[in-house]
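Novice: Encoded as structure tokens, here's the structure I'll be asking about.
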Amino acid sequence: MIRVLFICLGNICRSPMAEAVFRDLVEKEKRNDAISVDSAATSSWHIGSPPHKGTLHILKQYNISAKGLVGRQLTKNDFEQFDYLIGMDASNIENIYEITGKPDHPKIIRLLDLTAHKKDVPDPYYTGNFQETYDLVLEGCSALLNKIKSEHHLMD
Ligand code: 4NP
């Protein structure tokens, strides 16, 4: 199994959105037997919480399931358990380096570095713009799925 973990600050806006969007892409390509998906926070603020209303609303709008999305915190052990640790912004990446003790490890990646944007995913908790975040998350997730398929020789 190839294991993917999406990570943000609170695990209520961006990373659960990415978890749901990526799982939807994986299921549509019938790769759920090969790829598993989870998400986590660098903070402890929203452990056990459901996603933000804005994230739930936009997922519903695109008919993407929000089943099983619940806040949890990243642990040092997640580094061993997952093959791809995908942060949403540069500050997440710094925090992931600190929590895992694996600075600059290649399996720790900022999502939009896999796209031409090479920038942070804006945090809709502050911007209020869940649409902008969704569009970028979808683009990043598509790029990530292509990377995984190519690295693991999963043919179309
Ligand atoms: P997220 O957004 O990291 O995309 O889940 C945030 C969620 C909660 C808070 C900050 C950002 N907060 O301050 O509680």
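The values are calculated or read from the model by the stated rules, or taken from the named source; none is laboratory data. A quick note: this is a predicted structure, and the numbers were derived from the prediction, not measured. Note that each Cβ is placed from the backbone with ideal geometry, even for glycine, and that neighbours are counted across all protein chains shown. The accessibility values were calculated without ligands, DNA or RNA, using every heavy atom of the protein model including side chains. Shrake-Rupley method; radii C 1.70, N 1.55, O 1.52, S 1.80 Å.
Matching residues to (1) acidic (Asp, Glu); (2) away from the ligand (no atom under 13 Å from the Cβ):
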| site | (1), (2) |
| --- | --- |
| 67 | no, yes |
| 80 | yes, yes |
| 123 | yes, no |
| 128 | no, no |
| 134 | no, no |
| 144 | no, yes |
| 155 | no, yes |
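Novice: Here's something else I'd like to know. Determine if region 74-83 includes at least one residue that is open to solvent by 40 Å² or more (accessible area, probe 1.4 Å), hydroxyl-bearing (Ser, Thr, Tyr) and on the phi < 0 side of the Ramachandran plot.
Specialist: Going through region 74-83, the residues open to solvent by 40 Å² or more (accessible area, probe 1.4 Å) turn out to be 75-77, 80-81, 83.
Add one more test, that the residue is hydroxyl-bearing (Ser, Thr, Tyr), and what stays is 75.
Filter once more, keeping what is on the phi < 0 side of the Ramachandran plot: 75.
Yes, because at least one residue in region 74-83 is open to solvent by 40 Å² or more (accessible area, probe 1.4 Å), hydroxyl-bearing (Ser, Thr, Tyr) and on the phi < 0 side of the Ramachandran plot.
Novice: Take the residues in region 1-23 that are closer than 19 Å to residue 121 by Cα and of a type in the set (D, E, K, R); name whichever of them is surrounded by the fewest Cβ atoms within 10 Å (Cβ to Cβ).
Specialist: The first filter runs over region 1-23 and keeps only residues closer than 19 Å to residue 121 by Cα, leaving 4-23.
The next check asks that each one be of a type in the set (D, E, K, R); those that pass are 14, 19, 23.
Details: 14: 33, 19: 25, 23: 23.
The extreme case among them is 23.
Novice: Tell me the residue from 47, 12, 7, 93 that is under 15 Å from the mean Cα position of the chain (by Cα), over 15 Å from residue 141 (Cα atoms) and within 12 Å of the ligand (Cβ to nearest atom), please. So that I can check it myself, show each step before the final result.
Specialist: Working: 47 fails: under 15 Å from the mean Cα position of the chain (by Cα); 7 fails: over 15 Å from residue 141 (Cα atoms); 93 fails: within 12 Å of the ligand (Cβ to nearest atom).
Going through 47, 12, 7, 93 in turn, just one is under 15 Å from the mean Cα position of the chain (by Cα), over 15 Å from residue 141 (Cα atoms) and within 12 Å of the ligand (Cβ to nearest atom): 12.
Novice: Could you run through region 53-65 and say how many residues are under 15 Å from the mean Cα position of the chain (by Cα) and within 11 Å of the ligand (Cβ to nearest atom)?
Specialist: So the count comes out to 1.
Novice: In this structure, is residue 71 touching a helix residue (DSSP H, G or I) at 6+ places or on another chain (Cβ under 7 Å) and surrounded by 15 or more Cβ atoms within 10 Å (Cβ to Cβ)? I'd like the intermediate steps shown before the answer.
Specialist: Values: touching a helix residue (DSSP H, G or I) at 6+ places or on another chain (Cβ under 7 Å): no; surrounded by 15 or more Cβ atoms within 10 Å (Cβ to Cβ): yes.
Here the answer is no, as residue 71 does not meet what is asked.
Novice: Mind checking which residues of region 84-99 are closer than 20 Å to residue 19 by Cα and either of a type outside the set (A, V, I, L, M, F, W, C) or open to solvent by 40 Å² or more (accessible area, probe 1.4 Å) (or both)?
Specialist: Initial filter on region 84-99 (closer than 20 Å to residue 19 by Cα): 84-93, 95-96.
Correct list: 84, 87, 89, 90, 91, 92, 95.
Novice: So which residues in region 28-59 are open to solvent by 10 Å² or more (accessible area, probe 1.4 Å), more than 15 Å from residue 133 (Cβ to Cβ) and not in a loop (DSSP other than H, G, I, E, B), if there are any at all?
Specialist: 28, 36, 37, 38
Novice: Of the residues that sit in region 106-128 and are open to solvent by less than 60 Å² (accessible area, probe 1.4 Å) and in contact (Cβ under 8 Å) with a residue 60 or more places away in the chain, which one is farthest from the chain's Cα centre (by Cα)?
Specialist: Checked region 106-128; the qualifying residue farthest from the chain's Cα centre (by Cα) is 128.
Novice: Can I ask one more? Scan region 129-154 for residues that are in a loop (DSSP other than H, G, I, E, B) and in contact (Cβ under 8 Å) with a residue 24 or more places away in the chain and jot them down.
Specialist: The initial filter retains those residues of region 129-154 that are in a loop (DSSP other than H, G, I, E, B), namely 129, 152-154.
Across region 129-154, the qualifying residues are 152, 154.
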